[in-house]
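Enquirer: Dropping a structure here in structure tokens format, bear with me for questions.
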Amino acid sequence: MTQPGTVRVCPLADLPRGEALRVDEVDPPIAVFHTDDGEVFAIDDTCTHQDASLSEGWLEGCAVECPLHASTFDLRTGEVDAPPAKVGVRAHRAEVVDGEIVVTLSTEPPRLPPGVLRGPVGR
Amino acid sequence: MSVPPAPPRSVLVVGAGLAGHATAQALRRQGYDGRVTVLGDETERPYDRTPLTKEFLAGRVGTDDLRLEADGEDLDVDWHLGVHAVALDPARRVVSTGDGREWTADAVVLAAGARARRLTGPAGLHTVRTVADSAALRGELVPGARLVVIGAGWVGAEVASTAAGLGLDVTVLEAAATPLAGPLGEEMGTVVAGLHARHGVTLRCGVPVAGVQGTDRVTGVELADGTVVPADVVVAGIGAAPAVDWLVGSGLDLSAGVVCSAVGATDAPGVYAVGDCSAWFDPVLGRPLRVEHWTDARERPAVLARLLLEGRADPPPRPPYFWSDQYGVRVQFAGRRHGDETVTVEAGDPADASVLAVYRRHGEPVAVLGMNQTKLFTRLRRSLATPQPVPAVP
Ligand SMILES: Cc1cc2nc3c(=O)[nH]c(=O)nc-3n(C[C@H](O)[C@H](O)[C@H](O)COP(=O)(O)OP(=O)(O)OC[C@H]3O[C@@H](n4cnc5c(N)ncnc54)[C@H](O)[C@@H]3O)c2cc1C
Ligand code: FES
């Protein structure tokens, strides 16, 4: 971290298009996506429906489909495009600065699923 | 050119569970503005059963967290809860309920789900299908108590895992030689069932249960070879049967659950079925297949709603899928097994409870199993979802 609320993720070259990664250094973790069109987005990693990691989901255009029950979230806004999730995830500001992905964290409270304190099952 | 039939003016859904709620939701999402009535025999608003062996049983989430409806959701549905359907006359599309009332609509959707098979016996003997079942069991899961689980299927395994996490001394009894051989095949069934021993739970396979012992309260479970496994609490996880007893005599084909076309229509015009009670024709297997999984019960109503509103629909685009969480390991499976597949572990290591296994038939991947391999699993699952070569059928 450089300044509070800002995360230097990695060089853009380390995250190929169509890929995502989870940043566990922040709590709750965030997911960073590099779309096929070359855009970079960051949202909260934990699905709001149940305990699943969105960085492990299916990236299509500007949306990610949750790997557990296929809710889809708009990467630009975090809004739900398709249920079962009832509420959106937080969207953070992601930009590329000097070839590096930098995320400015949202100041909204996270919307974690019921019963989840931090991060998903199975890791 | 054929003219599509007019959409029904009213839809009556029997069963207010996952599939019933999803049917109402799908109709409204697809723009239906006719009358929708849902009958359900449980008194609760529609709720999710899957946490009943997981987070809810562990006490990490409460009853409100199970609700399927979003806060403020209003689907403009007439919900009639605590109402039990006792008969269907398909020709007139009339459903009779236990309170003596009759209900009719242009389209009747059967979404009655499944009922757990239960054993009868003294206090301390449980089964988990409803929120009341899970709450009752939770009250008895005290640290140090001896829990015996009959059946090493998904429900049994999740109860064992949750109870072990709460500090109980757990034994799982399985009549078959290999647990989960039905859904996963012997090789992978053994790998997944291996999680029990890794977490200090005893698994005994190959000996059927002869009976539950105890008069006022359970004291143990007797096996067919005469052994008695002492128990303070017993859970029977011995499967579920489609809730179709009330449809006997209706003339519907109930040979595999409510038998339907590939898009949910029964042989009776205007009568449809979806969710755990139904067996939609599976275009790949070439026979009706009853799928008892959450995702299929939730997603197929969108197919059915399209059929109701447009007169035609394509079969579900994705193969059956389920997940299970046990001992902190996420198990996921998608696809269809014929039973003669070759299975190869393509990533991970069974010794680390991490596996990605692909099932192939004639060289083609037909199913995939993941244990803590969500990312790779998701990719492979997608590659299975090839369009099906069958025409749309009503
Ligand atoms: C404890 C548990 C854990 C599970 N975990 C998983 C999991 O991890 N992953 C997974 O993929 N799947 C899981 N499942 C399966 C999943 O929950 C079911 O596939 C799903 O609930 C099916 O939805 P449904 O609406 O068809 O049936 P149901 O949820 O059973 O709902 C049917 C409703 O209809 C009512 N009804 C029945 N008969 C009548 C009648 N005659 N008149 C009026 N109402 C009637 C029933 O009481 C019920 O309320 C689990 C199931 C259970 C029980
Ligand atoms: S956990 Fe993401 S859709 Fe259920």
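Enquirer: Please give the number of the condition A:L15 fails out of (1) farther than 22 Å from B:G328 by Cβ; (2) buried (at least 20 other Cβ atoms within 10 Å of the Cβ); (3) touching a residue at least 60 places away in the same chain (Cβ under 8 Å); (4) touching a Leu at 6+ places or on another chain (Cβ under 7 Å).
Expert: (2)
Enquirer: Among the residues of segment B:52-84, which ones are assigned to a loop (DSSP other than H, G, I, E, B), free of Cβ contacts under 8 Å to residues at least 40 places away in the same chain and more than 16 Å from ligand 2 (Cβ to nearest atom)?
Expert: B:G62, B:D71, B:G72, B:E73, B:D74
Enquirer: Being under 30 Å from B:G82 (Cβ atoms), open to solvent by less than 50 Å² (accessible area, probe 1.4 Å) and β-branched (V, I, T), is that true of even one residue in segment B:114-129?
Expert: Yes, that holds for at least one residue.
Enquirer: Here are the criteria: (1) within 15 Å of ligand 1 (Cβ to nearest atom); (2) closer than 23 Å to B:N372 by Cβ; (3) touching a strand residue (DSSP E or B) at 6+ places or on another chain (Cβ under 7 Å). Tell me which single one B:Y327 does not satisfy.
Expert: Only one criterion is unmet by B:Y327, namely (3).
Enquirer: Take segment B:225-243 and flag every residue that is open to solvent by 20 Å² or more (accessible area, probe 1.4 Å) and either touching a residue at least 60 places away in the same chain (Cβ under 8 Å) or not hydrophobic (A, V, I, L, M, F, W, C) (or both).
Expert: Answer for segment B:225-243, where residues must be open to solvent by 20 Å² or more (accessible area, probe 1.4 Å) and either touching a residue at least 60 places away in the same chain (Cβ under 8 Å) or not hydrophobic (A, V, I, L, M, F, W, C) (or both): B:D225, B:G226, B:T227, B:P230, B:D232, B:I238, B:G239, B:A241, B:P242.
Enquirer: Which ones in segment B:28-53 are more than 9 Å from ligand 1 (Cβ to nearest atom) and either of a type in the set (K, R) or within 14 Å of another protein chain (Cβ to nearest Cβ) (or both)?
Expert: Those that are more than 9 Å from ligand 1 (Cβ to nearest atom) and either of a type in the set (K, R) or within 14 Å of another protein chain (Cβ to nearest Cβ) (or both): B:R28, B:R29, B:Q30, B:R35, B:R45.
Enquirer: Which of the residues that make up segment B:85-111 are outside any loop (DSSP other than H, G, I, E, B) and open to solvent by less than 20 Å² (accessible area, probe 1.4 Å)?
Expert: Answer for segment B:85-111, where residues must be outside any loop (DSSP other than H, G, I, E, B) and open to solvent by less than 20 Å² (accessible area, probe 1.4 Å): B:A85, B:L88, B:V94, B:V95, B:T97, B:A107, B:V108, B:V109, B:L110.
Enquirer: Taking only segment B:163-178 into account, find how many residues are over 15 Å from B:R204 (Cβ atoms) and open to solvent by 20 Å² or more (accessible area, probe 1.4 Å).
Expert: Count: 4.
Enquirer: Before we move on, is A:H69 modelled with pLDDT of 95 or more, within 16 Å of ligand 1 (Cβ to nearest atom), open to solvent by less than 20 Å² (accessible area, probe 1.4 Å) and within 10 Å of chain B (Cβ to nearest Cβ)?
Expert: In short, yes.
Enquirer: Please name all residue pairs, on different chains or six or more residues apart, with Cβ atoms under 8 Å, provided the first residue is in segment A:41-53 and is at pLDDT below 95 and the second residue is away from ligand 1 (no atom under 16 Å from the Cβ) and open to solvent by less than 10 Å² (accessible area, probe 1.4 Å).
Expert: Listed by first residue and then by second, the contacts come to nothing, as the list is empty.
Enquirer: Further question on the same structure: Only one of A:D37, A:D44, A:D74, A:D24 is more than 12 Å from every other protein chain (Cβ to nearest Cβ) and open to solvent by 60 Å² or more (accessible area, probe 1.4 Å). Can you tell me which?
Expert: Only one candidate qualifies: A:D37.
Enquirer: Would you check which residues across segment B:297-329 are more than 13 Å from chain A (Cβ to nearest Cβ) and among the aliphatic types (A, V, I, L, M) and list them?
Expert: B:V303, B:L304, B:A305, B:L307, B:L308, B:L309, B:A313
Enquirer: If you take the residues in segment B:54-67 that are touching a strand residue (DSSP E or B) at 6+ places or on another chain (Cβ under 9 Å) and more than 8 Å from chain A (Cβ to nearest Cβ), which one is nearest to ligand 1 (Cβ to nearest atom)?
Expert: Restricting to residues being touching a strand residue (DSSP E or B) at 6+ places or on another chain (Cβ under 9 Å) and more than 8 Å from chain A (Cβ to nearest Cβ), the top hit is B:K54.
Enquirer: Taking segment B:179-208 as the region of interest, how many residues are crowded, with 20+ Cβ neighbours inside 10 Å and over 24 Å from the mean Cα position of the chain (by Cα)?
Expert: 1
Enquirer: Here is a follow-up. Select, from A:V87, A:V96, A:V116, the only residue that is surrounded by fewer than 18 Cβ atoms within 10 Å (Cβ to Cβ), within 15 Å of ligand 2 (Cβ to nearest atom) and touching a residue at least 24 places away in the same chain (Cβ under 8 Å).
Expert: A:V87
Enquirer: Are any residues in segment B:344-382 in a strand (DSSP E or B) and within 13 Å of chain A (Cβ to nearest Cβ), and if so, which ones?
Expert: Listed by number, the residues that qualify are B:G348, B:S354, B:V355, B:L356, B:V368, B:G370, B:M371.
Enquirer: Restricting attention to segment B:8-27, which residues are in contact with an Asp or Glu (Cβ under 8 Å, 6 or more places away or on another chain) and more than 9 Å from ligand 1 (Cβ to nearest atom)?
Expert: B:P8, B:R9, B:S10, B:V11
The values are calculated or read from the model by the stated rules, or taken from the named source; none is laboratory data. Since the structure is predicted, the reported quantities are computational estimates derived from the model, not experimental observations. Note: ideal-geometry Cβ built from the backbone for every residue, glycine included; neighbour counts use all protein chains shown. To get the accessible areas, we keep the full protein, side chains included, count just its heavy atoms, and leave off ligands, DNA and RNA. Shrake-Rupley method; radii C 1.70, N 1.55, O 1.52, S 1.80 Å.
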